[in-house]
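Shown next, in structure tokens, is the structure this report addresses.
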Amino acid sequence: MTRATARAHPNIALVKYWGKRDEAQMLPAAGSMSMTLDAFATTTTVEVDGTLTEDAFSLGGAEQTGVALDRTTRFLDVVRSLAGDGRRARVRSHNEAPTAAGLASSASGFAALALAAAAAYGLDLDERALSRLARRGSGSATRSVIPGYAVWHAGTDDASSYAEGIEAPDLRLVIVTVDGSPKSVSSRRAMRLTAATSPFYEAWVSSTEQSLTEMVRACADGDVPRIGALTESHALRMHAVIATSTPPVRYLAPRSIEVFDAAVRLREAGVTAWATADAGPNVCVLTTPAEAEAVAAAVAEHGEVRIVGPGPGAHLLAEHLPEP
Ligand code: DP6
């Protein structure tokens, strides 16, 4: 096949990834765990074309240049070397979520690109190999290959750093979009800064391994309050270590903090509600399917709300994207 289309969804980490031990291989400093969502998909078509002298990449119909094209080409280089096929490709991608608004679209983007490119270049990869390949594009994409809940094992080399599915209770996330504009500092840059300058970075890495062990146990036990408590404290730790970088980086806005406070008040009222946030101001409130509507209504004053749940892993589509 020289042309293939794949679809993948973003994920929200309940135990966060923040920092790499190896930039070239994209190995994380610690493991992480996430829910792949059932919303905000990226659909990507890759067409291998021997007549092209350079790769081409369009996003939402707009031709990309500079960093975005560069990252795509570097990723395709990995696929080309695996396939032993040097031909260039045309990549057309469409995001259902606003790019860089903190909804982890690099995760869905590289998970979809990994699968579409692997198929277009004729590689037959199992889930683990696909997860490892997606990792080369963006760390969080490692987990978006997997449906539902995924643990990304940090590993010590390319072969041992991959994500796999785990069993966990059926949960919902209420996404509160307090600010839809692109983030000020990319996660890649900011995590580099944290690793290089925060005096608390080592404690962050070692405590993340501990949180992940506890999270995996809580998921196996179906212990929702424990999953929630670990989720919220781990997110706050991540934002704390980010804030101790030099120069400091702060992603949470005053309105984000209000949502964290609202989750505390909901819990005091006996409702399941635990907050988390990635590298941006938008907040997700973890709750149960039965309580999701009530939680969404309670936090709607802070921003646009959307209830999401566990979704599918990266998959190939039979149909192709229409020509732009
Ligand atoms: C805060 O995966 O976007 O969302 O690996 O450099 O591409 P790169 O970074 P990226 O970082 C995600 C950071 C996070 C936490 C998480 O998803 O675990």
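Data overview
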item: Sparsely packed GluC sites (Glu not before Pro) within segment 151-223, loop by DSSP, other Cβ within 10 Å at most 15; result: GLU167
item: Cα gyration tensor shape for segment 29-81, rounded if a/c is under 1.5, else prolate or oblate; result: prolate
item: Label point distance in nm, ASP179-ARG255, each placed 7 Å from Cα along Cα→Cβ; result: 0.9 nm
item: Residue among ALA159, ALA240, ALA168 with the largest mean-square fluctuation in a Gaussian network model of the chain, springs linking Cα atoms under 10 Å; result: ALA159
item: Residue of ARG192, ARG136, ARG92 that the Gaussian network model of the chain assigns the largest fluctuation, springs spanning Cα pairs under 10 Å; result: ARG192
item: Residue-count net charge about MET35 - beta-carbon cut-off 13 Å; Lys, Arg +1, Asp, Glu -1; result: -1
item: Rounded Å value of the spacing that divides the Cα centres of segment 1-68 and segment 212-273; result: 26 Å
item: Degrees between helix 224-243 axis and first principal axis of the chain (Cα, 0 to 90, nearest 10); result: 70 degrees
item: Long-range amide H partners of ARG250 with built H, under 5 Å; result: none
item: Over the chain: Rg over Rh, Cα atoms, Kirkwood Rh; result: 0.96
item: Pair VAL264, ARG87: separation of 7 Å Cα→Cβ label points (nm); result: 5.9 nm
item: Calculated SAXS-style log₁₀ I(q)/I(0) at q = 0.11, 0.21 Å⁻¹ - segment 172-308, Debye, Cα scatterers; result: -0.41, -1.25
item: Taking the chain and dividing mean pair separation by its residue count, relative contact order in percent (alpha carbons under 8 Å, at least six apart); result: 26 percent
item: Sparsely packed GluC sites (Glu not before Pro) within segment 39-74, loop by DSSP, other Cβ within 10 Å at most 13; result: GLU54
item: MRE, 222 nm, helices only [DSSP H, n ≥ 4, -39500 (n - 2.57), over the chain, to nearest 500]; result: -12500 deg cm²/dmol
item: Within segment 172-308: Cβ-based charge dipole about Cα centre, in debye rounded to nearest 20 (Lys, Arg +1; Asp, Glu -1); result: 480 debye
item: Tensor-based shape of segment 2-168 (alpha-carbon gyration tensor, a/c under 1.5 rounded, otherwise prolate or oblate); result: prolate
item: Residue among ALA111, SER93, TYR149 farthest towards the positive dipole end of segment 88-199, charges placed on Cβ; result: SER93
item: For q = 0.16, 0.19, 0.21, 0.22 Å⁻¹, Debye-computed log10 I/I(0) when each Cα of segment 44-140 counts as one equal scatterer; result: -0.61, -0.87, -1.06, -1.17
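Here, each number is a calculation from the coordinates, and none is a lab measurement. The structure presented is a predicted model; accordingly, all values stated were derived computationally and were not measured. Virtual Cβ from ideal backbone geometry, glycine too; neighbours counted across all protein chains shown.
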